[in-house]
1. What is the number of the single condition among (1) within 30 Å of PRO422 (Cβ to Cβ); (2) buried (at least 21 other Cβ atoms within 10 Å of the Cβ); (3) not charged (D, E, K, R) that LEU300 does not meet?
2. With the condition kept exactly as written, say whether any residue in region 157-167 is within 15 Å of the chain's Cα centre (by Cα) and part of a loop (DSSP other than H, G, I, E, B).
3. Quick one: VAL291 ticks every box in (1) out of contact with any Asp or Glu (no Cβ under 8 Å at 6 or more places or on another chain); (2) crowded, with 24+ Cβ neighbours inside 10 Å except a single one, so which number is it?
4. Restricting the search to region 323-333, which residues are closer than 11 Å to ILE194 by Cβ and in contact with a Ser or Thr (Cβ under 7 Å, 6 or more places away or on another chain)?
5. Which members of region 67-92 meet the condition of being surrounded by fewer than 16 Cβ atoms within 10 Å (Cβ to Cβ) and either polar (S, T, N, Q) or not assigned by TED's automatic domain parsing to the domain that holds TYR134 (or both)?
6. Are there any pairs, at least 6 apart or on different chains, whose C-beta atoms fall under 9 Å, with the first in region 427-439 and surrounded by 18 or more Cβ atoms within 10 Å (Cβ to Cβ) and the second of a type in the set (Asp, Glu), and if so, which?
7. Sort through SER174, SER135 and tell me the only one that's over 16 Å from the mean Cα position of the chain (by Cα), buried (at least 21 other Cβ atoms within 10 Å of the Cβ) and within 29 Å of TYR405 (Cα to Cα).
8. So which of GLY271, GLY261, GLY241 ends up being surrounded by fewer than 24 Cβ atoms within 10 Å (Cβ to Cβ) and under 30 Å from PRO349 (Cβ atoms)?
Amino acid sequence: MSAKNRSVPVAASRRDFLKRSAAGAAAVAALSIARGAHAAGDETIRIGMIGCGGRCSGAAAESMSAGPYVKLMAMNDIFENRLQASRNNLKRAFPEQVAVDDDHCFAGFDGYKKVIESVDVVLIACASKFHPMYSEAAIHAGKHVFVEKPHAIDPVGVRRVEKVAKMAEEKGLSLLSGLQSRYHRGWQETVQKIHDGAIGDIVAMQSMFLRAPYRIVNRDPQYTETQYQFSNWYHFCWLSGDDVPQSLVHNVDRMSWIMKGEMPKRAFGLGGRSSSFGEVYGDMFDHHTVVYEYASGAKLYALCRTQAGCYDNATDIIMGTKGTCYLHPSQPRIEGETNWRYEGPQNNPYDDEQKALIAAVRENKPINSGSYMANSTMIGVLGQITCYTGKETSWDEAYKSDLQYGPPPEQSSFETPPPVLPDKTGNYPLPMPGITKLG
(Lines give C-alpha, C1' and ligand atoms only; values in the text may rest on other atoms or scores of the structure.)
Protein backbone atom coordinates (compact mmCIF):
# COMPACT_ATOMS: atom_id res chain seq x y z
CA MET A 1 0.00 0.00 0.00
CA SER A 2 1.18 3.50 -0.67
CA ALA A 3 2.53 4.99 2.52
CA LYS A 4 0.81 8.31 1.90
CA ASN A 5 -2.56 6.64 1.48
CA ARG A 6 -2.33 4.07 4.24
CA SER A 7 -0.45 4.20 7.52
CA VAL A 8 0.48 0.54 7.39
CA PRO A 9 3.69 -0.59 9.07
CA VAL A 10 2.41 -2.44 9.29
CA ALA A 11 -8.96 -28.87 37.94
CA ALA A 12 -10.92 -29.13 35.01
CA SER A 13 -11.17 -32.17 32.78
CA ARG A 14 -9.20 -32.32 29.58
CA ARG A 15 -12.33 -32.16 27.49
CA ASP A 16 -13.65 -29.20 29.47
CA PHE A 17 -10.37 -27.43 28.91
CA LEU A 18 -10.55 -28.06 25.18
CA LYS A 19 -14.05 -26.67 25.06
CA ARG A 20 -13.00 -23.53 26.89
CA SER A 21 -9.86 -22.99 24.86
CA ALA A 22 -9.90 -21.67 21.34
CA ALA A 23 -9.11 -24.77 19.38
CA GLY A 24 -6.41 -24.65 16.84
CA ALA A 25 -2.68 -24.33 16.35
CA ALA A 26 -0.43 -27.30 16.45
CA ALA A 27 2.27 -29.68 17.55
CA VAL A 28 5.58 -30.35 15.86
CA ALA A 29 8.73 -32.37 16.53
CA ALA A 30 12.31 -32.60 15.36
CA LEU A 31 12.76 -35.76 13.32
CA SER A 32 16.39 -36.30 14.22
CA ILE A 33 15.70 -35.83 17.94
CA ALA A 34 12.63 -38.04 17.80
CA ARG A 35 14.56 -40.84 16.12
CA GLY A 36 17.26 -40.71 18.76
CA ALA A 37 14.77 -40.63 21.60
CA HIS A 38 12.76 -43.58 20.33
CA ALA A 39 15.90 -45.56 19.62
CA ALA A 40 16.89 -45.13 23.26
CA GLY A 41 13.48 -46.38 24.37
CA ASP A 42 12.20 -42.97 25.47
CA GLU A 43 8.82 -42.36 23.85
CA THR A 44 8.51 -38.80 25.15
CA ILE A 45 7.68 -36.14 22.57
CA ARG A 46 8.56 -32.75 23.96
CA ILE A 47 6.43 -29.87 22.74
CA GLY A 48 6.82 -26.14 23.17
CA MET A 49 4.58 -23.15 22.58
CA ILE A 50 5.35 -19.91 20.77
CA GLY A 51 2.38 -17.77 21.71
CA CYS A 52 0.26 -18.45 24.81
CA GLY A 53 -3.16 -17.20 23.77
CA GLY A 54 -6.23 -19.34 23.30
CA ARG A 55 -5.19 -20.77 19.97
CA CYS A 56 -1.79 -22.05 21.02
CA SER A 57 -3.09 -23.20 24.41
CA GLY A 58 -5.78 -25.18 22.64
CA ALA A 59 -3.21 -26.74 20.33
CA ALA A 60 -1.04 -27.77 23.27
CA ALA A 61 -4.04 -29.37 24.97
CA GLU A 62 -4.98 -31.25 21.81
CA SER A 63 -1.41 -32.42 21.35
CA MET A 64 -1.18 -33.71 24.91
CA SER A 65 -4.52 -35.46 24.46
CA ALA A 66 -2.87 -37.58 21.77
CA GLY A 67 -1.07 -39.55 24.49
CA PRO A 68 0.68 -39.35 27.87
CA TYR A 69 4.05 -39.44 26.12
CA VAL A 70 3.48 -35.86 24.87
CA LYS A 71 4.98 -33.42 27.37
CA LEU A 72 4.85 -29.64 27.34
CA MET A 73 8.34 -28.43 28.22
CA ALA A 74 8.74 -24.77 27.20
CA MET A 75 6.60 -21.70 26.54
CA ASN A 76 7.06 -18.25 25.07
CA ASP A 77 4.89 -15.18 24.86
CA ILE A 78 5.76 -11.51 24.60
CA PHE A 79 3.46 -10.88 27.58
CA GLU A 80 4.52 -12.58 30.83
CA ASN A 81 1.01 -12.58 32.28
CA ARG A 82 -0.43 -14.47 29.31
CA LEU A 83 2.34 -17.04 29.53
CA GLN A 84 1.73 -17.69 33.22
CA ALA A 85 -2.05 -17.85 32.81
CA SER A 86 -1.71 -20.41 30.04
CA ARG A 87 0.78 -22.50 32.03
CA ASN A 88 -1.52 -22.55 35.06
CA ASN A 89 -4.58 -23.56 33.03
CA LEU A 90 -2.75 -26.29 31.15
CA LYS A 91 -1.17 -27.60 34.35
CA ARG A 92 -4.59 -28.00 35.93
CA ALA A 93 -5.87 -29.89 32.90
CA PHE A 94 -2.75 -32.01 32.31
CA PRO A 95 -0.89 -32.22 35.64
CA GLU A 96 1.29 -35.16 34.59
CA GLN A 97 2.20 -33.74 31.17
CA VAL A 98 2.92 -30.08 31.77
CA ALA A 99 6.56 -29.96 32.86
CA VAL A 100 7.37 -26.32 32.22
CA ASP A 101 9.59 -25.05 35.02
CA ASP A 102 10.29 -21.37 35.58
CA ASP A 103 13.55 -21.60 33.64
CA HIS A 104 11.60 -22.65 30.56
CA CYS A 105 9.10 -19.79 30.64
CA PHE A 106 10.53 -17.37 28.10
CA ALA A 107 8.86 -13.99 27.99
CA GLY A 108 9.81 -11.46 25.32
CA PHE A 109 10.54 -11.27 21.62
CA ASP A 110 13.62 -13.52 21.64
CA GLY A 111 12.02 -16.26 23.71
CA TYR A 112 10.96 -18.21 20.63
CA LYS A 113 14.60 -19.12 20.06
CA LYS A 114 14.82 -20.71 23.51
CA VAL A 115 11.64 -22.71 22.94
CA ILE A 116 13.00 -24.08 19.67
CA GLU A 117 16.23 -25.07 21.42
CA SER A 118 14.40 -26.78 24.29
CA VAL A 119 11.88 -29.07 22.62
CA ASP A 120 11.20 -31.60 19.92
CA VAL A 121 7.88 -30.08 18.84
CA VAL A 122 7.02 -26.41 18.26
CA LEU A 123 3.48 -24.99 18.33
CA ILE A 124 3.20 -21.61 16.62
CA ALA A 125 0.11 -19.47 17.11
CA CYS A 126 0.64 -15.80 17.85
CA ALA A 127 0.43 -12.50 15.99
CA SER A 128 0.22 -13.78 12.42
CA LYS A 129 2.91 -11.40 11.16
CA PHE A 130 5.48 -13.61 12.88
CA HIS A 131 4.29 -16.99 11.59
CA PRO A 132 6.66 -17.14 8.58
CA MET A 133 9.71 -16.11 10.65
CA TYR A 134 9.06 -18.52 13.52
CA SER A 135 8.29 -21.40 11.13
CA GLU A 136 11.48 -20.71 9.25
CA ALA A 137 13.55 -20.66 12.45
CA ALA A 138 12.09 -23.94 13.71
CA ILE A 139 12.47 -25.80 10.41
CA HIS A 140 15.99 -24.45 10.02
CA ALA A 141 16.78 -25.85 13.49
CA GLY A 142 15.54 -29.28 12.41
CA LYS A 143 12.16 -29.27 14.15
CA HIS A 144 8.76 -30.37 12.90
CA VAL A 145 6.31 -27.48 12.89
CA PHE A 146 2.63 -26.82 13.12
CA VAL A 147 1.75 -23.21 12.32
CA GLU A 148 -1.65 -21.64 12.76
CA LYS A 149 -3.45 -19.83 9.98
CA PRO A 150 -2.96 -17.42 8.37
CA HIS A 151 0.57 -18.50 7.55
CA ALA A 152 1.42 -15.01 6.36
CA ILE A 153 -0.37 -11.68 6.05
CA ASP A 154 1.14 -10.25 2.86
CA PRO A 155 2.81 -11.40 -0.40
CA VAL A 156 6.32 -11.10 1.05
CA GLY A 157 5.34 -13.41 3.88
CA VAL A 158 3.63 -15.90 1.55
CA ARG A 159 6.75 -16.27 -0.56
CA ARG A 160 8.74 -16.86 2.62
CA VAL A 161 6.33 -19.59 3.68
CA GLU A 162 6.79 -21.32 0.33
CA LYS A 163 10.52 -21.46 0.95
CA VAL A 164 9.93 -22.83 4.45
CA ALA A 165 7.74 -25.61 3.04
CA LYS A 166 10.43 -26.52 0.53
CA MET A 167 13.09 -26.57 3.25
CA ALA A 168 10.91 -28.81 5.42
CA GLU A 169 10.52 -31.25 2.54
CA GLU A 170 14.25 -31.27 1.87
CA LYS A 171 14.99 -31.91 5.55
CA GLY A 172 12.31 -34.57 5.95
CA LEU A 173 10.44 -32.55 8.56
CA SER A 174 6.72 -32.17 9.20
CA LEU A 175 5.14 -28.82 8.47
CA LEU A 176 1.44 -28.87 9.28
CA SER A 177 -1.05 -26.12 8.54
CA GLY A 178 -3.67 -24.82 10.95
CA LEU A 179 -6.25 -25.04 8.15
CA GLN A 180 -7.94 -27.93 9.91
CA SER A 181 -10.89 -28.30 7.52
CA ARG A 182 -9.01 -30.97 5.61
CA TYR A 183 -9.17 -33.22 8.68
CA HIS A 184 -12.98 -33.01 8.91
CA ARG A 185 -14.28 -36.50 8.04
CA GLY A 186 -17.60 -35.31 6.68
CA TRP A 187 -15.91 -32.78 4.44
CA GLN A 188 -13.32 -35.30 3.29
CA GLU A 189 -16.06 -37.61 2.04
CA THR A 190 -18.06 -34.74 0.55
CA VAL A 191 -15.11 -33.30 -1.36
CA GLN A 192 -14.36 -36.75 -2.73
CA LYS A 193 -17.97 -36.97 -3.96
CA ILE A 194 -17.54 -33.65 -5.75
CA HIS A 195 -14.25 -34.77 -7.28
CA ASP A 196 -16.01 -37.93 -8.48
CA GLY A 197 -18.51 -35.75 -10.38
CA ALA A 198 -21.54 -35.75 -8.08
CA ILE A 199 -22.41 -32.11 -8.89
CA GLY A 200 -20.83 -31.94 -12.34
CA ASP A 201 -18.65 -29.01 -13.34
CA ILE A 202 -18.42 -26.29 -10.75
CA VAL A 203 -20.11 -23.06 -11.76
CA ALA A 204 -20.15 -20.94 -8.61
CA MET A 205 -19.32 -21.13 -4.92
CA GLN A 206 -20.61 -19.09 -2.00
CA SER A 207 -18.48 -18.92 1.14
CA MET A 208 -19.36 -17.03 4.31
CA PHE A 209 -17.67 -16.30 7.61
CA LEU A 210 -20.10 -13.94 9.33
CA ARG A 211 -19.60 -13.49 13.07
CA ALA A 212 -19.09 -11.05 15.90
CA PRO A 213 -15.65 -9.45 16.32
CA TYR A 214 -12.71 -11.44 17.52
CA ARG A 215 -11.60 -10.95 21.11
CA ILE A 216 -11.09 -7.27 21.74
CA VAL A 217 -8.72 -5.90 24.35
CA ASN A 218 -9.20 -2.64 26.19
CA ARG A 219 -6.20 -0.39 26.57
CA ASP A 220 -3.99 -0.91 29.61
CA PRO A 221 -2.91 2.60 30.67
CA GLN A 222 0.53 1.24 31.53
CA TYR A 223 1.15 0.14 27.95
CA THR A 224 2.82 2.21 25.29
CA GLU A 225 0.92 2.58 22.03
CA THR A 226 2.92 -0.21 20.41
CA GLN A 227 2.40 -2.52 23.40
CA TYR A 228 -1.33 -1.86 23.22
CA GLN A 229 -1.42 -2.76 19.54
CA PHE A 230 0.41 -6.02 20.25
CA SER A 231 -2.01 -6.82 23.09
CA ASN A 232 -4.95 -6.26 20.70
CA TRP A 233 -3.18 -7.59 17.63
CA TYR A 234 -6.21 -9.18 15.96
CA HIS A 235 -7.44 -5.67 15.23
CA PHE A 236 -4.34 -4.17 13.63
CA CYS A 237 -3.55 -4.95 10.02
CA TRP A 238 0.24 -4.84 10.40
CA LEU A 239 0.00 -7.73 12.90
CA SER A 240 -3.00 -9.75 11.68
CA GLY A 241 -3.53 -8.91 8.00
CA ASP A 242 -7.23 -8.07 8.55
CA ASP A 243 -10.17 -10.43 8.30
CA VAL A 244 -9.97 -11.99 4.84
CA PRO A 245 -6.65 -13.75 5.57
CA GLN A 246 -7.52 -14.10 9.24
CA SER A 247 -11.00 -15.70 8.98
CA LEU A 248 -12.16 -16.21 5.42
CA VAL A 249 -8.97 -18.16 4.72
CA HIS A 250 -10.73 -21.25 6.13
CA ASN A 251 -13.49 -20.96 3.54
CA VAL A 252 -11.24 -20.20 0.58
CA ASP A 253 -9.02 -23.13 1.58
CA ARG A 254 -12.03 -25.46 1.38
CA MET A 255 -12.93 -24.03 -2.02
CA SER A 256 -9.34 -24.45 -3.21
CA TRP A 257 -9.52 -28.06 -2.03
CA ILE A 258 -12.74 -28.55 -3.98
CA MET A 259 -11.15 -26.88 -7.04
CA LYS A 260 -8.28 -29.40 -6.84
CA GLY A 261 -5.79 -26.67 -6.07
CA GLU A 262 -6.66 -24.41 -8.99
CA MET A 263 -5.91 -20.81 -8.08
CA PRO A 264 -8.16 -17.90 -9.10
CA LYS A 265 -6.85 -15.77 -11.93
CA ARG A 266 -8.11 -12.48 -10.53
CA ALA A 267 -10.37 -10.96 -7.92
CA PHE A 268 -12.21 -7.80 -7.06
CA GLY A 269 -13.75 -6.83 -3.77
CA LEU A 270 -15.38 -4.26 -1.59
CA GLY A 271 -15.13 -3.59 2.09
CA GLY A 272 -15.11 -1.00 4.82
CA ARG A 273 -16.32 -0.24 8.31
CA SER A 274 -19.91 0.59 9.10
CA SER A 275 -20.55 -0.16 12.78
CA SER A 276 -17.43 -1.15 14.71
CA PHE A 277 -15.94 2.17 15.80
CA GLY A 278 -13.50 2.98 18.59
CA GLU A 279 -9.90 2.22 19.41
CA VAL A 280 -10.54 -1.43 20.32
CA TYR A 281 -11.29 -2.14 16.64
CA GLY A 282 -7.93 -0.80 15.50
CA ASP A 283 -7.57 -0.20 11.77
CA MET A 284 -9.57 -3.17 10.49
CA PHE A 285 -12.54 -3.27 8.15
CA ASP A 286 -15.66 -4.85 9.67
CA HIS A 287 -17.05 -6.27 6.40
CA HIS A 288 -15.60 -7.64 3.17
CA THR A 289 -16.94 -9.16 -0.04
CA VAL A 290 -14.57 -10.72 -2.59
CA VAL A 291 -15.35 -12.21 -5.99
CA TYR A 292 -12.70 -14.60 -7.26
CA GLU A 293 -12.66 -15.63 -10.92
CA TYR A 294 -11.16 -18.88 -12.25
CA ALA A 295 -9.89 -19.73 -15.72
CA SER A 296 -12.67 -22.32 -16.05
CA GLY A 297 -15.27 -19.57 -15.68
CA ALA A 298 -16.20 -20.61 -12.14
CA LYS A 299 -16.58 -17.86 -9.57
CA LEU A 300 -16.22 -17.78 -5.81
CA TYR A 301 -18.33 -15.26 -3.91
CA ALA A 302 -16.71 -14.90 -0.49
CA LEU A 303 -18.01 -12.79 2.36
CA CYS A 304 -16.83 -12.10 5.88
CA ARG A 305 -18.11 -9.76 8.56
CA THR A 306 -17.12 -8.98 12.15
CA GLN A 307 -20.10 -7.11 13.54
CA ALA A 308 -22.01 -7.78 16.75
CA GLY A 309 -25.77 -8.30 16.73
CA CYS A 310 -25.93 -9.43 13.11
CA TYR A 311 -26.72 -12.64 11.22
CA ASP A 312 -23.99 -15.26 11.67
CA ASN A 313 -23.10 -17.95 9.15
CA ALA A 314 -19.92 -19.92 8.44
CA THR A 315 -20.96 -22.34 5.70
CA ASP A 316 -20.28 -22.89 2.00
CA ILE A 317 -22.49 -23.69 -0.99
CA ILE A 318 -20.99 -25.18 -4.15
CA MET A 319 -23.12 -25.06 -7.30
CA GLY A 320 -22.44 -27.33 -10.25
CA THR A 321 -23.99 -28.29 -13.56
CA LYS A 322 -25.58 -31.41 -12.03
CA GLY A 323 -26.37 -30.36 -8.49
CA THR A 324 -25.54 -28.32 -5.43
CA CYS A 325 -23.47 -29.15 -2.37
CA TYR A 326 -24.28 -27.63 1.03
CA LEU A 327 -21.05 -27.92 2.98
CA HIS A 328 -22.52 -27.77 6.48
CA PRO A 329 -20.09 -28.76 9.25
CA SER A 330 -22.37 -31.34 10.91
CA GLN A 331 -24.15 -32.94 7.95
CA PRO A 332 -23.04 -31.85 4.47
CA ARG A 333 -25.33 -32.88 1.65
CA ILE A 334 -25.70 -32.90 -2.13
CA GLU A 335 -28.93 -32.26 -4.01
CA GLY A 336 -29.54 -32.68 -7.74
CA GLU A 337 -28.96 -35.62 -10.05
CA THR A 338 -27.28 -37.19 -7.05
CA ASN A 339 -29.00 -36.90 -3.68
CA TRP A 340 -26.70 -37.71 -0.79
CA ARG A 341 -26.21 -36.78 2.83
CA TYR A 342 -23.19 -37.51 5.01
CA GLU A 343 -24.22 -39.90 7.79
CA GLY A 344 -20.81 -41.07 8.93
CA PRO A 345 -19.09 -40.45 12.24
CA GLN A 346 -18.52 -36.93 13.48
CA ASN A 347 -15.06 -35.85 14.53
CA ASN A 348 -13.18 -32.88 15.84
CA PRO A 349 -10.75 -31.93 13.05
CA TYR A 350 -8.55 -30.02 15.49
CA ASP A 351 -8.04 -33.17 17.55
CA ASP A 352 -7.49 -35.39 14.53
CA GLU A 353 -5.04 -32.97 13.03
CA GLN A 354 -2.90 -33.12 16.16
CA LYS A 355 -3.17 -36.92 16.31
CA ALA A 356 -1.96 -37.10 12.72
CA LEU A 357 1.01 -34.89 13.50
CA ILE A 358 2.01 -36.77 16.65
CA ALA A 359 1.70 -40.07 14.75
CA ALA A 360 3.92 -38.65 12.00
CA VAL A 361 6.54 -37.73 14.58
CA ARG A 362 6.42 -41.09 16.37
CA GLU A 363 6.53 -43.10 13.14
CA ASN A 364 9.09 -40.88 11.41
CA LYS A 365 6.69 -40.32 8.50
CA PRO A 366 6.66 -36.53 8.08
CA ILE A 367 3.65 -34.74 6.66
CA ASN A 368 3.90 -31.47 4.76
CA SER A 369 1.01 -29.07 4.09
CA GLY A 370 3.09 -26.93 1.77
CA SER A 371 1.00 -27.94 -1.23
CA TYR A 372 -1.91 -25.84 0.01
CA MET A 373 -0.97 -23.69 3.00
CA ALA A 374 0.83 -20.96 1.06
CA ASN A 375 -1.69 -20.91 -1.81
CA SER A 376 -4.74 -20.68 0.43
CA THR A 377 -3.08 -17.93 2.44
CA MET A 378 -2.33 -16.07 -0.77
CA ILE A 379 -5.97 -16.31 -1.87
CA GLY A 380 -6.86 -14.53 1.35
CA VAL A 381 -4.14 -11.92 0.87
CA LEU A 382 -5.34 -11.27 -2.69
CA GLY A 383 -8.88 -10.75 -1.45
CA GLN A 384 -7.75 -8.32 1.22
CA ILE A 385 -5.76 -6.31 -1.30
CA THR A 386 -8.75 -5.93 -3.62
CA CYS A 387 -10.94 -4.74 -0.74
CA TYR A 388 -8.37 -2.17 0.36
CA THR A 389 -7.67 -0.82 -3.12
CA GLY A 390 -11.12 -1.25 -4.64
CA LYS A 391 -9.38 -2.44 -7.81
CA GLU A 392 -9.59 -5.67 -9.75
CA THR A 393 -6.28 -7.40 -9.10
CA SER A 394 -4.74 -10.39 -10.83
CA TRP A 395 -3.16 -13.29 -8.97
CA ASP A 396 0.23 -12.58 -10.54
CA GLU A 397 0.10 -8.88 -9.72
CA ALA A 398 -0.63 -9.53 -6.07
CA TYR A 399 1.68 -12.52 -5.66
CA LYS A 400 4.68 -10.71 -7.15
CA SER A 401 4.07 -7.55 -5.16
CA ASP A 402 6.58 -6.37 -2.58
CA LEU A 403 3.72 -5.31 -0.32
CA GLN A 404 4.59 -5.87 3.32
CA TYR A 405 2.50 -4.55 6.19
CA GLY A 406 4.84 -2.64 8.45
CA PRO A 407 8.46 -3.48 9.14
CA PRO A 408 9.78 -7.05 8.69
CA PRO A 409 8.99 -9.28 11.67
CA GLU A 410 12.66 -9.34 12.65
CA GLN A 411 12.47 -5.58 13.15
CA SER A 412 9.18 -5.56 15.05
CA SER A 413 9.05 -5.31 18.82
CA PHE A 414 7.74 -3.10 21.61
CA GLU A 415 10.34 -0.55 20.49
CA THR A 416 8.80 -0.32 17.01
CA PRO A 417 7.33 3.16 16.41
CA PRO A 418 3.53 2.88 16.37
CA PRO A 419 2.64 2.01 12.77
CA VAL A 420 -0.74 3.73 13.08
CA LEU A 421 -2.01 6.26 15.59
CA PRO A 422 -5.58 7.07 16.67
CA ASP A 423 -7.09 10.43 15.88
CA LYS A 424 -8.75 12.65 18.48
CA THR A 425 -11.91 10.52 18.34
CA GLY A 426 -9.91 7.40 19.23
CA ASN A 427 -10.28 5.85 15.77
CA TYR A 428 -7.37 4.71 13.61
CA PRO A 429 -7.01 5.59 9.90
CA LEU A 430 -8.46 3.05 7.48
CA PRO A 431 -7.62 2.12 3.88
CA MET A 432 -9.58 4.10 1.31
CA PRO A 433 -10.79 1.99 -1.63
CA GLY A 434 -10.11 3.82 -4.87
CA ILE A 435 -7.29 5.80 -3.25
CA THR A 436 -5.16 3.22 -1.41
CA LYS A 437 -2.78 1.58 -3.87
CA LEU A 438 -0.94 -1.70 -4.09
CA GLY A 439 2.81 -1.28 -3.80
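The values are calculated or read from the model by the stated rules, or taken from the named source; none is laboratory data. Model, not experiment: these values are computed from the prediction. Ideal geometry is used to build each Cβ from the backbone, glycine not excepted, and the neighbour counts take in all protein chains shown.
1. Unmet condition: (1).
2. No, the conditions are met nowhere in region 157-167.
3. (2) is the only condition that VAL291 fails.
4. The first filter runs over region 323-333 and keeps only residues closer than 11 Å to ILE194 by Cβ, leaving 323-325, 327, 332.
The answer is GLY323, CYS325, LEU327, PRO332.
5. The answer is ASN81, ASN88.
6. TYR428/GLU279; TYR428/ASP283; LEU430/ASP283; PRO431/ASP242; PRO431/ASP283
7. Details: SER135 fails: over 16 Å from the mean Cα position of the chain (by Cα).
From the options SER174, SER135, the qualifying one is SER174.
8. Numbers: GLY271 fails: surrounded by fewer than 24 Cβ atoms within 10 Å (Cβ to Cβ); GLY241 fails: surrounded by fewer than 24 Cβ atoms within 10 Å (Cβ to Cβ).
Selected residue: GLY261, the only one of GLY271, GLY261, GLY241 that is surrounded by fewer than 24 Cβ atoms within 10 Å (Cβ to Cβ) and under 30 Å from PRO349 (Cβ atoms).
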